[in-house]
1. I want to confirm something. Restricting to the range 569-588 and keeping residues that are basic (Lys, Arg) and either open to solvent by less than 10 Å² (accessible area, probe 1.4 Å) or more than 16 Å from HIS77 (Cβ to Cβ) (or both), which single residue is nearest to the ligand (Cβ to nearest atom)?
2. Just for the range 435-462: of the residues that are among the charged types (D, E, K, R) and modelled with pLDDT of 95 or more, which one is surrounded by the most Cβ atoms within 10 Å (Cβ to Cβ)?
3. Filter the range 410-435 down to the residues that are basic (Lys, Arg) and under 27 Å from the mean Cα position of the chain (by Cα) and list them by number.
4. Being within 14 Å of the chain's Cα centre (by Cα) and open to solvent by 10 Å² or more (accessible area, probe 1.4 Å): is that true of SER378 here?
5. Would you confirm whether or not the range 347-364 contains a residue that is in contact with a helix residue (DSSP H, G or I) (Cβ under 6 Å, 6 or more places away or on another chain), away from the ligand (no atom under 14 Å from the Cβ) and in contact (Cβ under 8 Å) with a residue 40 or more places away in the chain?
6. Can you pull out every residue in the range 287-318 that is within 16 Å of the ligand (Cβ to nearest atom) and part of a helix (DSSP H, G or I)?
7. Tell me, yes or no, whether the range 288-296 has at least one residue that is on the phi > 0 side of the Ramachandran plot, at pLDDT 95 or above, open to solvent by 20 Å² or more (accessible area, probe 1.4 Å) and of a type in the set (Gly, Ala, Ser).
8. Among the residues of the range 542-563, write down those that are under 18 Å from PHE304 (Cα atoms) and open to solvent by less than 20 Å² (accessible area, probe 1.4 Å).
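The values are calculated or read from the model by the stated rules, or taken from the named source; none is laboratory data. As the structure is a prediction and not an experimental result, all values here were calculated from the model. Glycine gets a Cβ as well: all are built from the backbone with ideal geometry, and neighbour counts include every protein chain shown. These area figures cover heavy atoms from the full protein model, side chains too; ligands, DNA and RNA do not enter into them. Shrake-Rupley method; radii C 1.70, N 1.55, O 1.52, S 1.80 Å.
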Amino acid sequence: MCGIFGYIGGRKNSVELTIKGLQMLEYRGYDSWGIATDTEAELKVQKKVGKISEAKLEDFSTEQSQLAIGHTRWATHGGVTDVNAHPHLSGDKSVAVVHNGIIENYQEIREELGRENFISDTDTEVIPHLIAKYRNEGMSFKEAVREASKRLQGRYAIVAINHNEHQLIAARRGSPLIVGVGEHEFFLASDIPAFLEYTQDVNYLDDDEMVVLDETVEFLKIDTGEPVEKRLVNIDWKAEAADKGEYDHFMLKEIMEQKDTIHRAINQDLDQIMHIAQTIKNAKGTFLSGCGTAGKVSMTAEYFFSIIAKRHVNFAPASEFPIYHHFLRPESLLIVVSQSGETADVLEAMSAAKKKGAKVLSIVNVEGSTIARQSDYSLHLKAGPEKAVASTKAATSQLALFLLIASAMRGELQEGRRLLADVASQINDMLNPRFLDYIKEVAQAIKDQENTYIIGKAQNYPMALEAAIKIQEVSYIHAEGFAAGELKHGPIALIEKGTPCISLIANDEVKGDIINNTIELKARGAHIIGISPEKHEVFDEWIKVPDVGVASPLVNVIPVQLLAYYLGVLRGNDPDMPRNLAKSVTVK
Ligand code: F6R
């Protein structure tokens, strides 16, 4: 789970391009970084521990070079040290490689090549060593990379360079890698924003494929070496969309973008939505799956399908899903949700479903991502790049799409669209400067607390779980979400005088119940933050949200996103890059 970047072409400032590209990919990993270029004398590698965003161009030897590779790391094998940072070199220093993924058979390859020849603790280092070995046996650089790739077990996206060869060679199995095609130049990156400033034309590398870039581009199959034809895809994202703009952090920018992103999410081909609604109706067993925030959205969708479409669907977190294979058959449908479209557990869930012949529908934000391409049908969120590690705008777009599909199943697609258009405009009104200031005040009041609890009921229960994820990852305060009615079965013992408790309330049939549960918390001394369309005397703080009926999760989750953001900032954390986390989790 790292970011990789490569450049080859007419520009002579490849190091500068690579630094900028890695900075755009920093959300994928920020333990350490490194760059390699080819100079006349040698392959020059510069790497160190720390964040690439803090690296300055002056710190680099930026000898003119028209080719470079770079990496920003989220450590898996081997601690966070300069030596373990990528790129890694072969023993004779002729080959440099950056890698995203995990090589499962690296111990075996190390043994074979002689353990004493390795200087890092990483799995990656075996790759340049293997390539150099095959080169020394007389293979061309291309054949050596292909042969080495054939030996690797596990998941990888790799980019390799060889001293004195004007070529970038990349291979992929399971981890993302995209070729940006410019005029007489090529880019390689784990994600499109890394090169969006230079080109919007891309080729997606598929699993078990490699690409050789020099003055031309050549795609081939790793196994057989056969050429592969690729379609050039134009990406409809603006470079500014991947920029912080006027905001201090991407997280705040992305929260504020929810004024527009819900509109974009519901602006779908309606025939396709009807087709999907019919597919769910026809399926014999529909399952929903995703991880983290996308999982909590899928869980909310269970309620949408039940309340709106009167249809039973089954949610399981993607990491747990494969065990459900007993219930899958060719007529089943699995709906997976993923912002990045690259999450390893989701891919595993999909493969469990496919093994049983079931169909897969995906809802993703990143077009052309692995999950989108491996699905039978895919819906695109159109939320634009989401760069903060904590997912915000993607989540509300996912909720909107599920609500739209559930409405279509009930035969009320237009009503669903109207409701969501109203939600979007009410969110626009809600996200005003006074609202933000108030939430900052609430955050200020609880920022030194050690524990926070969030309760919700019905479709706001999964949102309570989502609220806990947001607060945990951005503020590092212990946070837990509960089904409001479950409190009295144990968790209420945790409440002390002043413990902040957030109640997610909607104007719906369960309002009376959750208000009662909130009163029970208050009676034990809790400091109550009510997120609700209506004021209630039990609230110590009231965060007013619009009354949007069944769509309440879309408006209730936004104040919690903001609260988590301000808690993080007030506690001195970087909300965009929480410790120990990375944006897309491409390992199991
Ligand atoms: C939390 C968060 C994660 C992701 C999860 C799935 O804020 O961002 O929990 O939701 O890692 O990621 P995607 O949606 O890319 O599959």
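1. Going residue by residue through the range 569-588, those that are basic (Lys, Arg) are 571, 579, 583, 588.
Of the ones still in play, those that are also either open to solvent by less than 10 Å² (accessible area, probe 1.4 Å) or more than 16 Å from HIS77 (Cβ to Cβ) (or both) are 571, 579, 583.
Numbers: ARG571: 17, ARG579: 14, LYS583: 7 Å.
In this case the residue turns out to be LYS583.
2. Applying the first criterion (among the charged types (D, E, K, R)) to the range 435-462 yields 437, 440-441, 447-448, 450, 457.
Filter once more, so that each one left must be modelled with pLDDT of 95 or more: 437, 440-441, 447-448, 457.
Values: ASP437: 10, LYS440: 17, GLU441: 11, LYS447: 17, ASP448: 9, LYS457: 24.
Only one residue fits best here, namely LYS457.
3. ARG417
4. For SER378, the condition - within 14 Å of the chain's Cα centre (by Cα) and open to solvent by 10 Å² or more (accessible area, probe 1.4 Å) - is not met.
5. No, there is no match, as no residue in the range 347-364 is in contact with a helix residue (DSSP H, G or I) (Cβ under 6 Å, 6 or more places away or on another chain), away from the ligand (no atom under 14 Å from the Cβ) and in contact (Cβ under 8 Å) with a residue 40 or more places away in the chain.
6. GLY292, THR293, ALA294, GLY295, LYS296, VAL297, SER298, MET299, THR300, ALA301
7. Within the range 288-296 (the criterion being on the phi > 0 side of the Ramachandran plot, at pLDDT 95 or above, open to solvent by 20 Å² or more (accessible area, probe 1.4 Å) and of a type in the set (Gly, Ala, Ser)), the answer is yes, since at least one residue qualifies.
8. Listed by number, the residues that qualify are VAL548, ALA551, SER552, PRO553, LEU554, VAL555, ASN556, VAL557.
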